[in-house]
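Working notes, structure below.
The values are calculated or read from the model by the stated rules, or taken from the named source; none is laboratory data. Bear in mind that the values here come from a model prediction, so they are computed numbers and not experimental data. In this analysis, Cβ positions are derived from the backbone assuming ideal geometry, glycine residues included, and neighbour counts consider all displayed protein chains. Side chains included, ligands, DNA and RNA excluded: accessible areas come from the protein's heavy atoms. Shrake-Rupley method; radii C 1.70, N 1.55, O 1.52, S 1.80 Å.
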Amino acid sequence: MGQSLMLQRLREQVLEANLELVCRGLVLYTFGNVSGILREQGLVVIKPSGVPYEQMKPSHLVVVDLKGKVVQGKLRPSSDLPTHLVLYNTFREIGGVAHTHSEYATAWAQARRPIPCFGTTHADYFHGSVPVTPDLSDQEIAGDYEKETGDAIVRALQRTNCTASPGVLVANHGPFTWGVDASAAAHHAVILESIAKMAYVTVGINSEAAPVGKALHDKHYLRKHGSKAYYGQPKDSRK
Ligand SMILES: [Zn+2]
């Protein structure tokens, strides 16, 4: 497949992933952004800044290189692009990044509390709590703010990794999620919002609710991920 056809497909996939956030009620107005990457070419396709979702077409999406230089497109890329680029440059295994201000995940981010794993829905996706980033310093906020946000996400993953935690809460801001491609990143944004809501309700019912035990947590995480995964259908059988 030629590069232009691959880019066209990626534009369509990234647009669809952005619209998925709208369909699931995760974004208001022009909030939120999803991007995807062609790894071999080092090209990232990202939502343009400030274009209403209902008017967005594949041609509005912006193509940039891994340094943020616009390669194709007339519109300005999402202002969160530098955060996405830090994630792509640091985590070679990811193919898509999503960012929202979805209400429950953002509420945990504002409370600056990691989301404990209270049950198997969470354990199916995150191995451990959903981490919160450290605060940015005044200098970091005044400086290259969006890049510093990316660096803070990387620091929040020091005790885990980007596969075991396909998302992070940026303190006082909101969630960033990622995955093998743009649609997986959007899917994780939807799941994270659901986990955040259920955890909030759980704590409301029982303020002393304890996280799920290690055996059940590991069972659910490891049956879907890792070398001994057996949940769903083998990849080859879906072809
Ligand atoms: Zn934001």
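Observations, loosely collected:
- Under 25 Å from LYS214, Cα to Cα: lysines that are on another chain or at least 8 residues apart: LYS197, LYS224, LYS228
- Global size of the chain as Cα Rg and Dmax, reported in angstrom: 17.7, 56
- Chain lengthening between GLN72 and HIS225 when straightened (0.36 nm per residue, less Cα-Cα): 51.5 nm
- Relative to the longest principal axis of the Cα atoms of the chain, the long axis of helix 3-23 makes an angle of roughly 50 degrees.
- Basic side chains Lys and Arg get +1 at the Cβ, acidic Asp and Glu get -1 at the Cβ, and with that the dipole of the chain about its Cα centre reaches some 700 debye.
- Overall form of the range 125-172 per C-alpha gyration tensor (a/c, 1.5; a/b vs b/c): prolate
- Helix axis angle, 182-205 relative to the chain longest principal axis, alpha carbon, degrees: 30 degrees
- Value of Rg/Rh across the range 87-128 [Cα atoms, Kirkwood radius]: 1.03
- Descending by average beta-carbon neighbour count within 10 Å, the peptides 207-219, 58-70 line up as 58-70, 207-219, the highest first.
- Taking every Cα-Cα distance in the range 15-55 and sorting them into 10 Å bins from zero, the calculated P(r) comes out as 29, 50, 19, 3 percent.
- Accessible area per residue in Å² at 1.4 Å probe, computed on the range 84-239: 52 Å²
- Accessible-area composition of the range 1-77, carbon plus sulfur, in percent [1.4 Å probe]: 51 percent
- Rounded, prolate or oblate (a/c below 1.5 giving rounded, otherwise prolate when a/b exceeds b/c) for the range 105-239 by Cα gyration tensor: oblate
- Computed FRET value (nearest 0.05) for ASP218 with ARG24, which takes r as the C-beta separation and R₀ as 41 Å: 0.90
- Entry note, the chain: the mean residue ellipticity at 222 nm calculated from DSSP H runs of n ≥ 4, each adding -39500 (n - 2.57), is -13000 deg cm²/dmol after division by the residues and rounding to the nearest 500.
- Taking GLY32, GLY167, GLY204 in turn, the Gaussian network model of the chain (Cα-Cα springs below 10 Å) assigns the largest fluctuation to GLY204.
- Whole-percent carbon and sulfur share, accessible surface of the range 87-239, 1.4 Å: 52 percent
- Partners of LYS47 within straight-line reach, counting lysines whose Cα lies under 25 Å from its Cα and excluding those fewer than 8 residues away in the same chain: LYS57, LYS67, LYS69, LYS74, LYS147.
- Convex hull projection area averaged over all views, the range 173-215, Cα basis, nm²: 4.4 nm²
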